[in-house]
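**Student:** First, the structure itself, so that you have it in front of you.
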């Protein structure tokens, strides 16, 4: 029997073509030297002749798909990618709606006779719920199934977005914003589950790139569209736009969505019946087999095990201290763009909206670059290491991200402070967003490679780290920039990004040892 080391535990490769074996199918190839992705390394081992490979004829499929046509790994390319686009579109909604609200604060303050900063508390509450809602979505998905949780969360997301459009008072609006943040974040916090269910290990980075590209772009499209609307219509129409987009996303998941959870510990002939399509949406089809999944209590324990792993702690803290400035810049930029010189750039409301083309271009370029660069790094590492792949190999791409994040913040800060030409500010902001886009994909892919059985918990934890950073910075970014000046405040932000990057260097050098020291997640103890 051939064995390999995974996080300190011996696992047998003789079970590779048995999807219902006791060996966790997602990690069967992560050995002492990393994942084994080249089938040539296994051809001389007894019992490996039935190994399932990718179309290239040598890349090992991880996990090994079953022979069941209902196995999501066996679904058609079109079905997989339509589901990916639908859950990515839903992941687009939370930040889109949250950021769109930033352009209506003055109009709401006038209508309700309130200070705009007080009205902004509704946005802060919305941002915080984006993280909390993700945790609930994952725990509920582990017990009730993926699709019903998305369905019911989206029902309430549509309802609350419509309610915001017609909110008669600030208190009604505040309640609607908080609830909308909680429900609309369902696939922003849980999208990684679908990617893990539908795609093989060697495809993950590219699919994560697509999913994260939607929600990285969304905070800029919200103010871009909302600024034009509030310039010619009442602020209610901005949230009317959010309601329409939310309805479109709901309609798309109704058209193409399906239940992607598949228990590989159960033989094909013993798999529970899938039931009707309507039953899979509302949850009645999954209900009889709920005891074969994770209980609600065990779902909470899974989160505890994930969030206490050292690599997860390092990565989430790094991301929290990096992504916070995305929200910070969004919050404070209008303050410097709209006043007339020498206090600002003198942009009109439409001009501010158009300026949001800058981060959108940065995000798109980052998505395109990351789509190919991450694959290039992975293939190069595998070629140079005799078919093996370590999760830490992905961290090299974070250096590229950091080369744009730090200079981007510094350039943007000095451009705002000295009122350099707006094109210089655009370059700095675009560089920063480009770097954040690259870093987001690498961070998520690294965590998924390290703990593949915790896709949902990892996505929700990353989302929580991101929203905590944005929630905190939204309370003092404007005052900080006004008192200290943007050259100093943005410079300190760049210094913080550079300092927390030491955590990435530590993981690059000692990541495998830290994973082994932290121990395996042992989720199989919590299922059934």
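The values are calculated or read from the model by the stated rules, or taken from the named source; none is laboratory data. The structure presented is a predicted model; accordingly, all values stated were derived computationally and were not measured. Here the Cβ is made from the backbone with ideal geometry for all residues, glycine too, and neighbour counts use every protein chain on show.
**Student:** For region 93-183, which fully contained helices (runs of 4 or more DSSP H) count at least 2 residues that are under 25 Å from residue 462 (Cα atoms) and touching a residue at least 24 places away in the same chain (Cβ under 8 Å)?
**Tutor:** 121-144, 146-165
**Student:** Could I ask something else about it? Exactly one condition in (1) outside the structural domain of residue 324 (by TED's automatic domain parsing); (2) surrounded by fewer than 23 Cβ atoms within 10 Å (Cβ to Cβ) is false for residue 484; which is it?
**Tutor:** Checking residue 484 against (1) outside the structural domain of residue 324 (by TED's automatic domain parsing); (2) surrounded by fewer than 23 Cβ atoms within 10 Å (Cβ to Cβ), the one that fails is (1).
**Student:** Going by the structure shown, is residue 495 assigned to a helix (DSSP H, G or I) and surrounded by 15 or more Cβ atoms within 10 Å (Cβ to Cβ)?
**Tutor:** no
**Student:** Among 411, 438, 405, which is the only one that is surrounded by 22 or more Cβ atoms within 10 Å (Cβ to Cβ), modelled with pLDDT of 90 or more, more than 12 Å from the chain's Cα centre (by Cα) and within 30 Å of residue 520 (Cβ to Cβ)?
**Tutor:** The unique qualifying residue is 438.
**Student:** Further question: Among 84, 73, which is the only one that is in a helix (DSSP H, G or I), modelled with pLDDT of 80 or more and more than 30 Å from residue 159 (Cα to Cα)?
**Tutor:** Going through 84, 73 in turn, just one is in a helix (DSSP H, G or I), modelled with pLDDT of 80 or more and more than 30 Å from residue 159 (Cα to Cα): 73.
**Student:** Something else about it: Would you confirm, using the coordinates I've provided, whether residue 70 is over 18 Å from the mean Cα position of the chain (by Cα) and touching a residue at least 24 places away in the same chain (Cβ under 8 Å)?
**Tutor:** yes
**Student:** Among (1) over 24 Å from residue 88 (Cβ atoms); (2) touching a residue at least 40 places away in the same chain (Cβ under 8 Å), which single condition is residue 288 missing?
**Tutor:** Here residue 288 meets the rest and fails (2).
**Student:** Here is a list of conditions, (1) within 20 Å of the chain's Cα centre (by Cα); (2) on the phi > 0 side of the Ramachandran plot, and residue 283 meets all of them except one; can you say which number that is?
**Tutor:** Just one mismatch for residue 283, condition (1).
**Student:** Could you identify the single residue in 178, 158, 149, 119 that is touching a helix residue (DSSP H, G or I) at 6+ places or on another chain (Cβ under 8 Å), assigned by TED's automatic domain parsing to the domain that holds residue 84 and surrounded by 24 or more Cβ atoms within 10 Å (Cβ to Cβ)?
**Tutor:** Among 178, 158, 149, 119, only 149 is touching a helix residue (DSSP H, G or I) at 6+ places or on another chain (Cβ under 8 Å), assigned by TED's automatic domain parsing to the domain that holds residue 84 and surrounded by 24 or more Cβ atoms within 10 Å (Cβ to Cβ).
**Student:** Right, something else. Output the number of the condition that residue 200 fails; it satisfies all remaining conditions of (1) more than 23 Å from residue 362 (Cβ to Cβ); (2) modelled with pLDDT of 90 or more; (3) surrounded by 21 or more Cβ atoms within 10 Å (Cβ to Cβ).
**Tutor:** Tallying (1) more than 23 Å from residue 362 (Cβ to Cβ); (2) modelled with pLDDT of 90 or more; (3) surrounded by 21 or more Cβ atoms within 10 Å (Cβ to Cβ), residue 200 fails exactly one: (3).
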